[in-house]
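Enquirer: Please find one structure pasted underneath; my questions will follow.
The values are calculated or read from the model by the stated rules, or taken from the named source; none is laboratory data. Everything numeric in this text was worked out from a predicted model, so none of it was measured. Neighbour counts run over all protein chains shown; Cβ positions are idealised from the backbone, glycine included. Surface accessibility is based on the protein's heavy atoms, side chains included, excluding ligands, DNA and RNA. Shrake-Rupley method; radii C 1.70, N 1.55, O 1.52, S 1.80 Å.
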Amino acid sequence: MKLPIIIVNFKAYTEGTGREAEHLAQICEKVAHETGKSIAIAVEEVDIHRISSLVDIPVLSEHFDPIGPGAHTGQNLPQALKDNGAYGTLLNHSEDRFRIDLLKESIELARDVGMKTVVCANDVEVAEAIATFEPDMIAIEPPELIGGDISVSTARPEVITNAVEKVRSVADIPVLCGAGIKTGADVKKALKLGAKGVLVASGVVRAGNPEKVLRELADAL
Ligand code: G3P
């Protein structure tokens, strides 16, 4: 995944699930190709195969379970996600928190099966702790701003600069930021504060015209 990057998290929004996810993924692919900017998407595990077969931008799973093959029922085997086209996975999103020991194990397991990891942190201390596990990217997202109208880069700029500094003191891992990102200005501010990209959901997925919004974000990258 080339930097700087926009990762669109489809979550479990109706607009980002099943057939609707196909349409949205094609829009993301189109904007990526036409602007030449780096855009990846995160989709529900059940949609991994459908979406990764359809588009040629990186497709991440929104979750995986740190298990190996065997007697596990109702869980997502990392190797199966990989075999079904997952380029990587989001881990520890505020809506899908991991215990810290499981997080370390998950990052190692993802590395073993050849999946990239974008690990979310809800605050700077967590970002610093996660850096010791050496994921591919860390995304800082203040939970109270997720799904809102004020972006992290406007409301909590210090969270981005502090996370960038703390992570850098541990390892050379790119830091993304997310929560409330909706405009090109939000993206520009985030990059100026040291982020290497953004994680965005509702601003694109739930937009009346997702292509227009995503194009504005991409142009600002
Ligand atoms: O994963 C991205 C996310 O949590 C941010 O959500 O809706 O504020 O862009 P949103």
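Enquirer: Note down the net charge around M1, summing +1 for each Lys or Arg and -1 for each Asp or Glu among other residues with Cβ under 11 Å from its Cβ.
Expert: Result for the neighbourhood of M1: +2.
Enquirer: Continuing with this model, one more query. Per residue, how much accessible surface does region 99-221 expose to a 1.4 Å probe? Answer in Å², no decimals.
Expert: Spelled out: the 1.4 Å probe surface of region 99-221, per residue, equals 43 Å².
Enquirer: Next question, about the same structure. Evaluate the distance, in nm, between pseudo-label points positioned 7 Å from the Cα of E144 and of A185 along their respective Cα→Cβ axes.
Expert: 2.3
Enquirer: Okay, moving on. Once the piece of chain linking I67 and H33 is laid out straight, how much longer is it, given 0.36 nm per residue of separation minus the C-alpha distance between them?
Expert: Full extension from I67 to H33 adds 8.7 nm.
Enquirer: Which net charge results when you count Lys and Arg as +1 and Asp and Glu as -1 among the other residues whose beta-carbon is under 13 Å from that of L77?
Expert: That sum, taken over residues with Cβ under 13 Å, equals -3.
Enquirer: If you average the sequence gap of Cα pairs under 8 Å that are 6 or more apart and divide by the length of region 105-221, what percent do you get for the contact order?
Expert: 22
Enquirer: Additional query: Of A129, I67, C28, which is farthest towards the positive pole of the chain's charge dipole, taken about the Cα centre with +1 and -1 on the beta-carbons of Lys, Arg and Asp, Glu respectively?
Expert: Farthest along the dipole direction, towards plus: C28.
Enquirer: Expressed as a whole percentage, what fraction of the accessible surface of the chain belongs to carbon and sulfur atoms when a 1.4 Å probe is rolled over the protein heavy atoms?
Expert: In the chain, the share of accessible area belonging to carbon and sulfur is 48 percent.
Enquirer: Check the straight Cα-Cα distances from K82 and name the lysines below 29 Å, setting aside those fewer than 8 residues away within the same chain.
Expert: Within reach: K2, K11, K30, K37, K104, K116, K196.
Enquirer: What residues have an amide H closer than 5 Å to that of T89, excluding those fewer than 5 places away on the same chain, when H is modeled at 1.01 Å from N in the peptide plane?
Expert: For T89, the qualifying residues are S61, K116, T117, V118.
Enquirer: Can you work out the FRET efficiency for the pair T161 and D56, with r the C-beta to C-beta distance and R0 = 41 Å, to the nearest 0.05?
Expert: So, using R0 = 41 Å, E works out to roughly 0.75.
Enquirer: 5 Å is the cut-off here: which amide hydrogens, built 1.01 Å from N in the peptide plane, fall below it relative to I7, excluding neighbours closer than 5 in sequence?
Expert: A40, V198, L199, V200
Enquirer: Tell me which of L91, A207, S53 sits at the most positive position along the dipole axis of the chain, charges placed on C-beta atoms (Lys, Arg +1; Asp, Glu -1).
Expert: After comparing all options, I get A207.
Enquirer: Only Cα pairs within less than 10 Å get springs; with that Gaussian network setup on the chain, which residue of I39, I146, I181 has the largest fluctuation?
Expert: I146
Enquirer: So the label point goes 7 Å from the Cα of E125 along Cα→C-beta, right? Which residues of region 132-161 then have their backbone N under 13 Å from it?
Expert: Answer for this model: none.
Enquirer: Also, I was wondering about something else. Please list 3J(HN,Hα) in residue order for region 77-82, calculated via the Karplus relation 6.51 cos²θ - 1.76 cosθ + 1.60 where θ = phi - 60°; whole Hz, with x for glycine and proline.
Expert: Working through the residues one at a time gives 6, x, 4, 5, 4, 4 Hz.
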